[in-house]
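The values are calculated or read from the model by the stated rules, or taken from the named source; none is laboratory data. Just so you know, these numbers come straight off a predicted model, no measurement behind them. No Cβ is skipped: glycine too gets one built from the backbone with ideal geometry, and neighbour counts run over all protein chains shown.
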Amino acid sequence: MADLLVAEAVRKEFGGLVAVNDVDFVVPEQGIVSLIGPNGAGKTTFFNMLTGVYKVTSGEIHFAGERVTNKPPHAITERGVGRTFQNIRLFQQMSTIENVLVGMHSRLKGGILQSVLRTPKLRREERDAFDRARELLRFSGLRGRDNELSSNLSYGDQRRLEVARALATEPKLLLLDEPTAGMNPQETADFTAFVGRLRDERGLTVLLIEHDMKVVMGVSDRVTVLDYGEKIAEGPPSEIQKNERVIEAYLGKAAVEGASA
Amino acid sequence: MMTEQQTPQQRKDEEQRLQEVIAQRTQRSAGLWRRETAVALIPLVLVIGYAIIYPFEAVYTTLREIPGIGDFFPTPGSAVIIIVFTMMAIGLNVVVGYAGLLDLGYVAFYAAGAYMAGWLASQHFEQVTFHFWSPGINPELPGIHINLWIVLLLAGIFTAVVGIVIGLPTLRLRGDYLAIVTLGFGEIVPQFVRNGDNFKGFDLTSGSFGITPIDPPGFGDGLGDGSGGLLPVNFQRSFDAEQLYYWAALGLLLFTVFCCWRLRDSRLGRAWIAIREDETAAAAMGIPLMRTKTWSYAIGAFFGGIAGAYYASFKSGAFPSDFYFNISIFLLCMVILGGMGSIWGVIIAGTILGWLNIEGLGVIGNYLNDWFFEPVTGSRIEVPKYQFGIYGIIIVTMMLFRPTGLIPERRRKLEMEEGVHDEPAMGERAVNR
Amino acid sequence: MPSGRPSLVGLLGLFFLLLIIVWLGVNFVKDPQEFINVFFVGLTRGAVYALIALGYTLVYGILQLINFAHGDVFALSGLIASSVLLSVFGVTTDSGAGLVIVAIAVALIVAMVLASTLNVTIEFVGYRRLRHAPRLAALITAIGMSFIVQNIALAIYDVDYQSIPRLIPNSSVLTIGEVALQWNKLFVLALTIPVLLALTWMVRETRHGKAMRATSQDRDASAMMGIDVNRTISFTFALAGSLAGAAGLLFLLYFTTMRYDTGFELGLIAFTAAVLGGIGNLTGAVLGGILIGLIQEFNEGLAWATPGGDWTRSIVFGILIAILVFRPSGLLGEQTPEGE
């Protein structure tokens, strides 16, 4: 299968500090790839470069065969990269359905003049957008919550809404930044199943940053491990679980030595 | 927290109402109406009806003679100015209220509009004689004389372009820096027009004399007579000139309100609010930050330009002394008092402050002097002199005790109370966090 | 910024800088004496700007707030100093040196105390409650405060200019050829430099200064480390206010006339100076102030290819805009705390 996302030798420095050190990385189409690593390993920084929030210091990023290095975030979203945030960043004073509608921004065409005149074409577009938004909310498990303020949703529902909003951008690749952080085991299990459905029902490719090893091992085709900005391992979950460098990175050298002794 | 504590129940009610409002609005943007929406329009119709009949002599003179409160009703002439400034405030509201960008130099757009009227509808460019549907003006008269209705549109477009030109390099900046840059433009533009009477011998702005007189609006001989005398040929020469100016101003105001209202509930309006709430998330949802912000500038400027051009025509002149920093603050005060983002609020605050500005402070000052200062201190105080001190007090009081304004936009209320992500989305500053 | 090939913006800036250097060079060659005289005038004016700019920078450094009211506090304290000189001491051009010195000293103390009290009050009444509000809310409040203070000055002194006799003579201290340095300029310069040194020392070395720097870095963490954040911020406003008071008197002595709205435009110019030097940076504020003073006087005083005084305001604000757009960190490029 072709690679949807290709990052070559991507590097980010803040001042003198190297946050991401020449990382090569690919995500195959329709794959579910996880990016793991201890806190401060540069996972979110890497995400932010993929989505254009940060500029790369050097390296190249290609998406669906097109160079997207240092393109602004909205341009990358337009090309089919949707994302969620580590700390939920919903538009809190908007209703759930409005949040989803904002996500559709780049897929709608309504211009200024049309909006002022509210032409039949625009009305049709808006009505279709509403229907699709409602459908997305239903798909994400938020049926009937259309007009609730997003800040009033429970934590798990806010996570769902973030995904619904990201789906509204009609992505080919969905980036989820620690989506199960703060969820209870039941919610986490539901969410893991949900990620599986995203690929199976919607044909999406998913890139996941995750701390919960159960989620990672359960859902991923492939896992990449970052530590201090460097890629230290890559492979199927079963291999990663046994990889010494990974265990060392997570638990420290002593633990590894202690285990082998 | 900036407002008084609410009980959980009150808070829940408030949120319930907000949800209803938002639901209505979202349905509106898809053209779905409900009976509630129609009922809500009744006060609107009443207010507009009142506004339309107000300038009839029988109406406003009667109102002005009511003992005690008669002084609170402005003359139609003053009302024109009130309406024009309210219109500008609604334009500014698009920038400050919707997109959350503080603009301290809105007066630049007012000036640009006024000078467009000066250039395109006066004898200023006497080197040429160009008439286009000029309303009842001697065709021999030198200068460019384009019908003012067209000039208004051209002024709006020109000002929108000015807004884009100012916006493109500056809208990347963080909120407070942007405010300062707009303030800078607001200071440069008046100086530019003041000094613009001699660019290598070319007189662009007539310097500190300003451009005067400026043509009045009108429908010209063809259209005016063709309508059977219903449409005035030339406002200035009609015996009811002030009323005509008033109704036209009211029409422009309604046009502005209508456009801003529709835009708020559109794809663009949602994008503005998204940017106001969280730039980073908005960009990640595919909203082009620069373009969307620039549109808010252009649209805000568009209405400022139209209002400026119309006002210049009303008082038949564009003078550099009209365009000073305080005007920007005066307009900002209207937006803050009314409630940032709230069209109704801005209309009401614009009416109140506009009235205070031209008649009200004098009226209130007289009351105060008669009933308080003169009997107590033995001297009278010139209250209008302190108008900007009074606006300052209004601004500070509002920001401290009711930052969401008299009639808060529902959404904005929660934002002001709970704070938003107001750091920039891109650039090294965000990166370094 | 990742360094690489020079950007278009950078080249444009360099080109512009080159033009200025050529312009100054030609003017110098054409009339060197006039050039140096104008240079001294600009330097003095710049010193006054610098004193006001320091107040903006101090407050911005700690609260990231542009204290619009600062310029008006400056003007009000200058006006009050004029009352002290004229009404209390009744100084005239004929007054003896002793009386003049005492009067100036008292006026300085009164102006500084008053201005810092006023500044602390403004912070206490206005900005303190808005510390956790969106940044723009505080900025808007600052604008409101500016108008209030300006109108207090208007209420006391009306719209007329308050003028004092020239107390510091403008006779020359030293003259070389046609180049001369006058007493009043020397006085202003001699006052600004020690103030800057003292201020720098205070912020770098004293306990209060360290508390200020800590608070500007991270308010919450400072509070946890036992720093009284409220007191530190009040102290900063007092310090900024006393600088405004000193600047008010200095302005009055040097220019001899001011009125209620002098502070508005001067405040904006001084703010520009602070931004030019790099807001939050004390040395930057002085550098920026002097540069703006020089630019203004060169523009108004030089003969060859100058736009002239009519354009001063546009030039100053043009610089402000250019700096904010192209190099928001200013000349001395200290990042504002939240950027680090």
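Among the numbered conditions (1) of a type outside the set (Lys, Arg); (2) within 13 Å of another protein chain (Cβ to nearest Cβ); (3) under 23 Å from C:Ser146 (Cα atoms), the only one that B:Gly338 does not meet is (2). Taking the criterion of being modelled with pLDDT under 70, part of a helix (DSSP H, G or I) and surrounded by 14 or more Cβ atoms within 10 Å (Cβ to Cβ), the residues of the stretch B:25-60 that qualify are B:Arg25, B:Thr26, B:Gln27, B:Arg28, B:Ser29.
Determine if the stretch A:29-48 includes at least one residue that is touching a Gly at 6+ places or on another chain (Cβ under 9 Å) and at the interface with another protein chain (Cβ under 10 Å from one of its Cβ atoms). The answer is yes; a qualifying residue exists.
Assess whether C:Arg166 counts as being in contact (Cβ under 8 Å) with a residue 40 or more places away in the chain and either surrounded by fewer than 18 Cβ atoms within 10 Å (Cβ to Cβ) or out of contact with any Gly (no Cβ under 8 Å at 6 or more places or on another chain) (or both). Yes; evaluated as a whole, the condition is true for this residue.
When B:Arg270, B:Arg276 are screened for being among the basic types (Lys, Arg), more than 7 Å from chain A (Cβ to nearest Cβ) and either more than 30 Å from B:Ala318 (Cβ to Cβ) or not in a helix (DSSP H, G or I) (or both), only B:Arg276 passes.
On the stretch given as the stretch B:119-141, residues that are surrounded by fewer than 14 Cβ atoms within 10 Å (Cβ to Cβ) and over 12 Å from B:Asn234 (Cβ atoms) total 7. C:Val149 falls short of the stated requirement of being free of Cβ contacts under 8 Å to residues at least 40 places away in the same chain, within 22 Å of C:Leu249 (Cβ to Cβ) and touching a Leu at 6+ places or on another chain (Cβ under 8 Å). Every condition in (1) outside any helix (DSSP H, G or I); (2) facing chain B (nearest Cβ under 9 Å) is met by C:Leu331 except one, and the failing one is (2).
Being touching a residue at least 40 places away in the same chain (Cβ under 8 Å) and part of a helix (DSSP H, G or I) is the filter; apply it to the stretch B:192-205 and report the residue that is farthest from the other protein chains (Cβ to nearest Cβ). For the stretch B:192-205, the residue satisfying everything is B:Val193.
Note on the stretch A:94-103: among residues that are over 10 Å from B:Ala274 (Cβ atoms) and facing chain B (nearest Cβ under 7 Å), the one that is farthest from the chain's Cα centre (by Cα) is A:Ser95. The helices (runs of 4 or more DSSP H) found entirely in the stretch A:94-140 that carry 1 or more residues being surrounded by fewer than 23 Cβ atoms within 10 Å (Cβ to Cβ) are A:112-117, A:120-139.
The set of residues in the stretch B:340-394 that are under 21 Å from B:Pro67 (Cβ atoms) and of a type in the set (Ser, Thr, Tyr) contains only B:Tyr367. Filtering the stretch A:34-60 to residues that are in a strand (DSSP E or B) and crowded, with 22+ Cβ neighbours inside 10 Å leaves A:Ser34, A:Leu35, A:Ile36. Residues being touching a Gly at 6+ places or on another chain (Cβ under 6 Å), outside any strand (DSSP E or B) and crowded, with 19+ Cβ neighbours inside 10 Å are represented in the stretch A:220-231 by at least one member.
Going residue by residue through the stretch C:221-229, is there one that turns out to be touching a residue at least 24 places away in the same chain (Cβ under 8 Å) and either surrounded by 13 or more Cβ atoms within 10 Å (Cβ to Cβ) or more than 22 Å from the chain's Cα centre (by Cα) (or both)? Scanning the stretch C:221-229, I find no residue that is touching a residue at least 24 places away in the same chain (Cβ under 8 Å) and either surrounded by 13 or more Cβ atoms within 10 Å (Cβ to Cβ) or more than 22 Å from the chain's Cα centre (by Cα) (or both), so the answer is no.
In this entry, B:Val151 is excluded by the filter for residues that are of a type outside the set (Phe, Trp, Tyr), buried (at least 18 other Cβ atoms within 10 Å of the Cβ), within 14 Å of another protein chain (Cβ to nearest Cβ) and assigned to a helix (DSSP H, G or I).
The set of residues in the stretch A:1-33 being β-branched (Val, Ile, Thr) and within 16 Å of A:Thr45 (Cβ to Cβ) consists of A:Val10, A:Val18, A:Val20, A:Val23. Check whether at least one residue in the stretch C:132-143 is within 22 Å of C:Arg219 (Cβ to Cβ), surrounded by fewer than 19 Cβ atoms within 10 Å (Cβ to Cβ) and without any contact (Cβ under 8 Å) to a residue 40 or more places away in the chain, and report yes or no. Checking the stretch C:132-143: at least one residue is within 22 Å of C:Arg219 (Cβ to Cβ), surrounded by fewer than 19 Cβ atoms within 10 Å (Cβ to Cβ) and without any contact (Cβ under 8 Å) to a residue 40 or more places away in the chain. Select from the stretch C:169-180 the residues that are among the small types (Gly, Ala, Ser) and surrounded by 13 or more Cβ atoms within 10 Å (Cβ to Cβ) and list them in ascending order. Residues satisfying the conditions are C:Ser172, C:Ala180. Might you let me know whether the stretch C:275-287 holds any residue that is under 14 Å from the mean Cα position of the chain (by Cα), outside any loop (DSSP other than H, G, I, E, B) and either among the hydroxyl-bearing types (Ser, Thr, Tyr) or at positive phi (or both)? Checked the stretch C:275-287: at least one residue is under 14 Å from the mean Cα position of the chain (by Cα), outside any loop (DSSP other than H, G, I, E, B) and either among the hydroxyl-bearing types (Ser, Thr, Tyr) or at positive phi (or both). Of all residues in the stretch B:170-189, those being within 7 Å of chain C (Cβ to nearest Cβ) and over 20 Å from C:Arg313 (Cβ atoms) number 3.
Take the residues in the stretch B:206-261 that are out of contact with any Pro (no Cβ under 6 Å at 6 or more places or on another chain), assigned to a helix (DSSP H, G or I) and among the acidic types (Asp, Glu), then tell me which one is nearest to B:Ile52 (Cα to Cα). Filtering the stretch B:206-261 for residues that are out of contact with any Pro (no Cβ under 6 Å at 6 or more places or on another chain), assigned to a helix (DSSP H, G or I) and among the acidic types (Asp, Glu), the one nearest to B:Ile52 (Cα to Cα) comes out as B:Asp225. Taken as a whole, the condition of being touching a His at 6+ places or on another chain (Cβ under 6 Å), more than 20 Å from B:Met290 (Cα to Cα) and of a type outside the set (Lys, Arg) applies to B:Pro139.
Of everything listed in (1) of a type in the set (S, T, N, Q); (2) out of contact with any strand residue (DSSP E or B) (no Cβ under 8 Å at 6 or more places or on another chain); (3) touching a residue at least 60 places away in the same chain (Cβ under 8 Å), the single unmet condition for C:Thr206 is (3). For the stretch C:2-33, a residue qualifies if it is among the acidic types (Asp, Glu) and modelled with pLDDT under 75, but none of them does. Highlighted here are the helices (runs of 4 or more DSSP H) found entirely within the stretch B:307-369 that include at least 2 residues which are within 17 Å of the chain's Cα centre (by Cα) and crowded, with 24+ Cβ neighbours inside 10 Å: B:325-338, B:343-355.
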